[in-house]
Amino acid sequence: MEGTTHRILMVSDFFFPNFGGVESHIYYLSQCLLKLGHKVVVMTHAYGNRSGVRYVTNGLKVYYVPWRPFLMQNTLPTLFLTLPIVRTIIIREKISVVHGHQAFSTLCHEALMHARTMGYKVVFTDHSLYGFADAGSIHMNKVLQFTLADIDQAICVSHTSKENTVLRSGISPEKVFMVPNAVDTAMFTPSPERLSCDEIVIVVISRLVYRKGADLLVEVIPEVCRLFPKVRFIIGGDGPKRVRLEEMREKFSLQDRVEMLGAVPHAQVRSVLISGHIFLNSSLTEAFCIAILEAASCGLLTVSTRVGGVPEVLPDDMIVLAEPAPEDMVRAVKKAIDMLPGIDPQVMHLRMKKLYSWDDVAKRTEIVYDRAMQSSTTNLLDRLPRYLTCGSWAGKLFCIVMIINYLLWRLLEFLQPAEGIEEVPDIGPLHAQLDSRDDSCEAQEKRI
């Protein structure tokens, strides 16, 4: 199967114009897969007035299906109502592999369920870590167990994430690949002029929510400002915890030393990063932090909590790790300030170019697709026992859901046969068209 051209449908509730690690991962991976000659189509829900079919860079086709977000950019779970539109897109685009992203994406789980019902190969990428004790995690783990019970291959972005996913879902470790995130080093370059260390600027760019450690920042920032009079903070990001940070700034009279930027568009992230010396990440849980890669590519020394897959991201001389406690975070910031004179942003950027590449991520993902295509095709009766292993009650419920989904699919096949759905002609990626156009122009000039 090596060398096979795949036709991939990326599915997630999280895609541009929303910004985040999952959105960036899907976009950059899709672009690199297009360069490798594969066909890639993205399916997500509508964002505001952005509904229908859109084309982005290099002719990447995006279906913004007319579903509105219900909670935290997730669509309302419907189980079966998404079957007609998922089936239509898969048939129209002649898809061979459906690739779902993010464990708490409703659209992802439903699309993978429908694709398996229709007999297509499915791959799932988990971008987050979850616990095992609280009610939300227990519910999410059971949903993940349902989805991964009948998956062809799975991808995790770090070794820690792989262990977490295997434990939560019960999937065989042999089916799970570790493919890290990457960074666009051409976009995230250091400042041409080295910043003076007379004033140390610490940059924070993150969603201001509990999981990203916003409450930890509230305790760390005042103490750092007290110990180091020459330190200033720039905080980019928005979220429900922004109010706490603003209250902290008022309480300690730090208006001139803590700058709140609000939400920062992705195109402006570099300009914020290169204004600082140190990047501070206070996440309480993290499978793999793309923001750390972007900061390191811009030449910033990173201070981060030692959680999840973060210790796997950068070499020890490029990051200072701390426990997610205020005292240890302050100690780590002090250590980072002492290390700053020996940090060369240009050298750090060159190291990042060698360490991380989206082209490498795409080639490794291509191997996962090849492996998925080699897996055996099974019918409904062969697949049902896999769901029974999900629990005494849950297993039976999952079987009923899959049987109903199968019957609805057969009904759709009768009411609207696949032969009656018009297939979309392949246009090909834009860069390939431009290359062929340039070649034809050169050939014509030679003939002249």
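Cβ-Cβ distances below 6 Å connect the following pairs, each with a first residue in region 266-288 that is acidic (Asp, Glu), a second residue that is open to solvent by less than 10 Å² (accessible area, probe 1.4 Å), and a separation of six or more residues or different chains: Glu286/Val310. Counting the residues of region 12-53 that are closer than 26 Å to Leu129 by Cα, in contact with a strand residue (DSSP E or B) (Cβ under 6 Å, 6 or more places away or on another chain) and open to solvent by 20 Å² or more (accessible area, probe 1.4 Å) gives 1.
For region 231-247, the tally of residues that are in a helix (DSSP H, G or I) and under 17 Å from Lys212 (Cα atoms) stands at 5. Looking across region 381-404, the residues that are open to solvent by 90 Å² or more (accessible area, probe 1.4 Å) and in contact with a Gly (Cβ under 9 Å, 6 or more places away or on another chain) come down to Leu388, Thr389, Leu397. Among residues of region 94-116 that are on the phi > 0 side of the Ramachandran plot, those with a Cβ under 7 angstrom from a residue that is outside any loop (DSSP other than H, G, I, E, B) and open to solvent by 10 Å² or more (accessible area, probe 1.4 Å), sequence gap 6+ or separate chain, pair up as Lys94/Arg7; Gln102/Val22. Of everything in region 92-128 that is in a loop (DSSP other than H, G, I, E, B) and hydroxyl-bearing (Ser, Thr, Tyr), the residue that is surrounded by the most Cβ atoms within 10 Å (Cβ to Cβ) is Ser105.
Can you find, within region 198-219, the residue that is nearest to Tyr28 (Cα to Cα) among those that are open to solvent by 70 Å² or more (accessible area, probe 1.4 Å) and part of a loop (DSSP other than H, G, I, E, B)? The extreme case among them is Arg207. Within the option set Ile155, Ile151, Ile89, being open to solvent by less than 20 Å² (accessible area, probe 1.4 Å), within 21 Å of the chain's Cα centre (by Cα) and closer than 21 Å to Glu23 by Cβ holds for one residue only, Ile155. Between Glu174, Glu193, Glu163, the distinction of being in contact with a strand residue (DSSP E or B) (Cβ under 9 Å, 6 or more places away or on another chain), surrounded by fewer than 18 Cβ atoms within 10 Å (Cβ to Cβ) and of a type outside the set (Val, Ile, Thr) belongs to Glu163 only.
Scanning region 214-234 for residues that are among the basic types (Lys, Arg) and touching an Asp or Glu at 6+ places or on another chain (Cβ under 7 Å) yields a total of 2.
With respect to the stated conditions, Thr378 fails to be open to solvent by less than 40 Å² (accessible area, probe 1.4 Å), in a helix (DSSP H, G or I) and among the polar types (S, T, N, Q).
The values are calculated or read from the model by the stated rules, or taken from the named source; none is laboratory data. None of these values were measured; they are calculated from a predicted model. Cβ sites come from the backbone with ideal geometry, for glycine too, and all protein chains shown count toward neighbours. Accessible surface areas use protein heavy atoms only, side chains included; no ligands, DNA or RNA. Shrake-Rupley method; radii C 1.70, N 1.55, O 1.52, S 1.80 Å.
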